[in-house]
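Engineer: Sharing a structure below in structure tokens format, with a few things to ask.
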Amino acid sequence: MNPRLGVFLSSLIVTAVIAVIAYFLFPQANPEHLLILALVVCLVSAAAIYFFARVYLSERLLPIYRTLLGKNSDKLANAISTLDAPVDQAEQEVTDWADQRIQEIKDLQAKDDFRKEFIGNLAHELKTPLFNIQGYVNSLLEGAMEDEKVRERFLNKANRNIDRMTRIVEDLDTITRLEHGRIDLDIKAMDIRKCSKDVVDSLEEIAEQRSTQVQVDKGDELMVMGDEFRVGQVIENLVSNAIMYGKESGEVHVKFSRLGDHVLVEVSDNGPGMDPEVMPRIFERFYRVDKSRSRNIAGSGLGLAIVKHIVESHGQTIHAHSEKGMGSSFSFTLALAK
Ligand code: ADP
């Protein structure tokens, strides 16, 4: 019930009770006078109760406000000066405070879940190459060392697994530094066409192993604003993914299109593509689409997370499009150099 209505109704009841008692005590008195007297007594006591309750409540509520709002806050001064409806106001403040705490707890829980998942994924990704290395070393110690061919094969395999672990640790270091803003970008005018060609040249060996043709759009220099090393890393991750996850003897294209003040860089392949439902997750750390297939491909599952971070640290966006059986394309923007 509304507190003011409560006070009004109880005043009516008290008035009636006082009037009835007074009537029995002074039966000869004029009933109208008794009623007025009862009304006055009731109003005076209601006013006194209201006044003392306010003072009492304000005093009790002040420490609560101090706890909720802090000693020096403007809100505290405001709360004290407008203690008009102290209970209503305190209720509102407590509700707001509790809502904020609930949100903080939810955020902390989400961070904790993320941390657990991250450590779990990391342990899993490192365990696989570590167990492989352990297997090859044990086999060598148990006699495989004697056979020169087997020895070389096992050592090479162990070496590849060490490369895989190194890559995971390096990628992890990069993404951690990117996320903590510990990588300063050196953004200046750079030729995106030349940068892409250099990256593609450096990937020649893996392209040959997969018999894949990689083409970079021909043309004049195309100057954009970017950190050359990091943009090169973006192109390298996208093109190497396109080669490794695209089909054998496939084709990969790096294209550029002008979009107003921006250049759209697109890396596409004609590989098996990805299901639409996995697309929202591919930029997550450690997410690998087809686990069994991806296991055969040395990767950390961090490549696209790094790519997204770098593009977004340039204040730009990246978009992925893929259709099962039709290939995949990743495109990101960079600002044109003036
Ligand atoms: P990694 O390559 O180290 O596994 P990424 O973050 O670069 O990690 O890629 C995440 C996953 O996305 C890959 O494991 C792969 O399953 C999928 N993927 C990435 N690029 C392509 C592509 N061009 N075609 C098909 N699948 C891809």
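Readers should treat all values here as calculations from the given coordinates under stated rules, not as data from a laboratory. What you see is a predicted model; the values in this text were computed from it and never measured. Here the Cβ is made from the backbone with ideal geometry for all residues, glycine too, and neighbour counts use every protein chain on show.
Engineer: Can you pull the Kirkwood radius for the stretch 84-156, inverse mean 1/r over Cα pairs, to one decimal in Å?
Structural biologist: 17.3 Å
Engineer: Evaluate the Kirkwood expression for the hydrodynamic radius of the stretch 170-305, namely the inverse of the mean inverse distance over all pairs of different C-alpha atoms, and round to one decimal in Å.
Structural biologist: Every distinct Cα pair counted, the radius reaches 16.0 Å.
Engineer: DSSP loop GluC sites (Glu not before Pro) in the stretch 122-179 with at most 13 other Cβ atoms within 10 Å of their Cβ, which ones?
Structural biologist: In loop regions of the stretch 122-179 (DSSP not H, G, I, E or B), the sparsely surrounded GluC sites (Glu not before Pro) are 142.
Engineer: Kindly provide the trypsin sites (Lys or Arg not before Pro) of the stretch 177-207 that DSSP labels as loop, not H, G, I, E or B, and whose Cβ sees at most 13 other Cβ atoms within 10 Å.
Structural biologist: Sites meeting the loop and neighbour criteria: 182.
Engineer: Follow-up question, since we're still on this one. Using the eigenvalues of the Cα gyration tensor, what equivalent ellipsoid semi-axes result for the chain when each is taken as the square root of five times the eigenvalue, whole Å, largest first?
Structural biologist: In descending order the semi-axes read 76, 27, 18 Å.
Engineer: Residue 54 to residue 163: extension gain in nm, 0.36 nm per residue of separation minus the Cα-Cα distance?
Structural biologist: Numbers: separation 109, 0.36 × 109 = 39.24 nm, distance 7.40 nm.
Stretched out fully, the residue 54 to residue 163 stretch lengthens by 31.8 nm.
Engineer: Which order do the peptides 265-275, 100-110 take when ranked by the mean count of other beta-carbon atoms within 10 Å per residue, highest first?
Structural biologist: Averaged packing, sorted descending, gives the order 265-275, 100-110.
Engineer: Mind checking the dipole of the chain: about its Cα centre, +1 per Lys or Arg Cβ, -1 per Asp or Glu Cβ, Debye to the nearest 20? Don't jump to the answer; show the numbers that get you there.
Structural biologist: Working: 40 positive and 50 negative charges, 138 e Å.
The calculation lands at about 660 debye.
Engineer: Among DSSP beta bridges lying fully in the chain, give the percent that are antiparallel, nearest 5.
Structural biologist: Taking every DSSP beta bridge with both residues in the chain, the antiparallel ones total about 85 percent.
Engineer: Checking the table 188/308; 111/194; 197/324; 255/308; 194/308 against a 30 Å threshold on Cα-Cα, which pairs fail? Numbers along the way, then the final one.
Structural biologist: On the way: 188/308 19 Å; 111/194 41 Å; 197/324 28 Å; 255/308 18 Å; 194/308 21 Å.
Over 30 Å Cα-Cα: 111/194.
Engineer: Return the lysines within reach of residue 127: Cα separation strictly under 17 angstrom, same-chain partners fewer than 8 residues apart disregarded; answer none if there are no such residues.
Structural biologist: Correct list for residue 127: 116, 157, 291.
Engineer: Once the Cβ-Cβ distance between residue 277 and residue 176 is put in as r, and R0 is 30 Å, what FRET efficiency do you end up with, to the nearest 0.05?
Structural biologist: Efficiency, from the Cβ-Cβ distance: 0.55.
Engineer: Another question about this same structure. Would you mind computing, in nm to one decimal, how far apart the modelled labels at residue 185 and residue 117 are, each placed 7 Å from Cα along Cα→Cβ?
Structural biologist: 2.6 nm
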